[in-house]
Amino acid sequence: MNEKETRLQATYDTLHAMPEVGFAEHRTSAWLAERIEAAGFSVTTGVGGTGVVAVLKGTEPGPVVALRADMDALEHVVNGETVRVHSCGHDAHCSMVLTVAEELAKTGIRRGTLKILFQPAEEKLFGATRMIEAGAIDDVDIILGIHLRPIQEAKTGQATPALYHGSSYIMEATITGQTAHGARPHLGINAIDGAAAAVQAVNAIHINPVIPFTCKVTKLAAGGATLNQIPDKAVMALDLRAQQNDAMKLLLAKAENAIKAGAATVGATAEAKVTGGVPGAEYHPEIIELAREAIRAVLGEAGLLAPIVTPGGEDFHNFVQAKPSLKAGYIGLGCDLTPGLHDPAMKFDRSALINGVAILTYMVEKLLK
Ligand SMILES: [Zn+2]
Ligand SMILES: [Zn+2]
């Protein structure tokens, strides 16, 4: 191993040994901030909570290119004990991005600005939003992300130039009727009847079938301790997924309409709102092409996979939704990862990390040198 790879592996060991969950990445962010400042970047800490923004400027005008790495680990129960584990590999992402930053700081960039975003709380799905609110992408023109892939998607020596996460949202609704004595249902409006009609209406939703989507009721609760009373409240929740953002907009509108119209069949009213979720991937064709070129240069033609569609979500995609002029790209890196992400026993081939470093370095050099 050369000096760069030894440093990369040591960085990974350090970060892997301090797993912290979303918005509690205090040691992780402090350690990363210190390291990247020592490399010559101007550093701002506490961005959107525990986020770190580091900037390296070139001498000539040019684009602002951001590399984003998520920092948080997950909590798991293993043998009855709650433990924190980097089971999504975010420690690997930070290690790769820090190494790219350190390498580029040594030689310097000619034009534009390299901006490193160490982002908190990806797993909570609003770390990116917090960094956006803190202004972290206000001046950014191009943003690049990277994620380890399970072995079924990519092996060591392979990478995809575009990893397409779908969009997924949670909608919660309250259906309101009119309470009455069980003997006099004609004086009430049974919220359960309204909810049942709403469930039927939700299950009858269709959008263009060429776009993968699902829309399911995942919670339904109504009625209380008094079983001879007509209940006037029901609550429900929906999990909605679609592979395209426009399809998701339509799906959310149809779901809200179905809940309200379903409730109205019995004279009940309904309020529905989106209470969480992430948009789907939207990448710029120029950046996908550049990623292809980088993967081909680093891993050869055999290592270049086609774009991958994955049903998982990523809060990275909030960046483009917040700033539509942003050109985004996202690499999926093969590393023989088993048995899977979010499994506390997750392991992968660490020798693949240097491939991620080389791919990202290639892309940044093309954009800023
Ligand atoms: Zn994850
Ligand atoms: Zn992840």
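The values are calculated or read from the model by the stated rules, or taken from the named source; none is laboratory data. Since the model is a prediction, treat every value here as computed from it, not as a measurement. Here the Cβ positions follow ideal geometry from the backbone for every residue, glycine too, while neighbour counts run over all protein chains shown. What goes into the accessible areas is simple: the full protein's heavy atoms, side chains included, and nothing from ligands, DNA or RNA. Shrake-Rupley method; radii C 1.70, N 1.55, O 1.52, S 1.80 Å.
Observations on the structure shown:
- When only Cα pairs below 8 angstrom with a gap of at least 6 residues are kept, the chain shows a relative contact order of 23 percent.
- Helix 90-107 and the longest principal axis of the Cα set of the chain meet at an angle near 30°.
- Charged neighbours of H26, selected by a Cβ distance under 12 Å, balance to -2 (K, R count +1; D, E count -1).
- Between L326, L299, L187, the residue with the greatest mean-square fluctuation in the GNM of the chain (Cα pairs under 10 Å linked by springs) is L187.
- Cα-based helix-to-principal-axis angle, 26-38 vs the chain, degrees rounded to 10: 30
- When the P(r) is computed for the range 79-185, the part past 21 Å accounts for 60% of the Cα-Cα pairs.
- Choice from T107, T179, T45 with maximal GNM fluctuation in the chain (Cα, 10 Å cutoff): T107
- Positive-end ranking of I151, A54, I288 along the dipole of the chain, with charges on Cβ about the Cα centre, is headed by I288.
- Gain upon complete extension [D343, A30; 0.36 nm per residue less C-alpha separation]: 110.0 nm
- Kirkwood Rh and Cα Rg combined as Rg/Rh, the range 213-299: 1.27
- Surface per residue (accessible, 1.4 Å probe) for the range 167-278, Å²: 53
- Gain upon complete extension [R110, I170; 0.36 nm per residue less C-alpha separation]: 17.1 nm
- Efficiency of FRET from Cβ geometry, A17 and V210, R₀ 45 Å, rounded to 0.05: 0.45
- In degrees, nearest ten, helix 191-203 long axis to first principal axis of the chain (Cα): 50
- Pairs exceeding 27 Å between alpha-carbon atoms, taken from K323/K366; K249/K366; K124/K347: K249/K366.
- The range 167-278 - percent of accessible surface contributed by carbon and sulfur, probe 1.4 Å: 56
- Coordinate range of the alpha-carbon atoms in the chain per principal axis, descending: 82, 44, 37 Å.
- Accessible solvent surface per residue of the range 56-157, calculated while the other protein chains remain in place, 1.4 angstrom probe, Å²: 35
- Residue ranking by accessible heavy-atom surface, 1.4 Å probe, largest first, among V43, V309 comes out as V309, V43.
- If you plug the beta carbon distance of A38 and K219 into 1/(1 + (r/R0)^6) with R0 = 56 Å, you get a FRET efficiency near 0.70.
- The magnitude of the dipole of the chain, with charges of +1 and -1 set on the Cβ of Lys/Arg and Asp/Glu and taken from the Cα centre, is near 520 debye.
- Taking every protein chain into account, the 1.4 Å probe leaves D141 with about 70 Å² of accessible area, to the nearest ten.
- Based on DSSP H segments of at least four residues, each scored -39500 (n - 2.57), the chain has a per-residue ellipticity at 222 nm of -10500 deg cm²/dmol.
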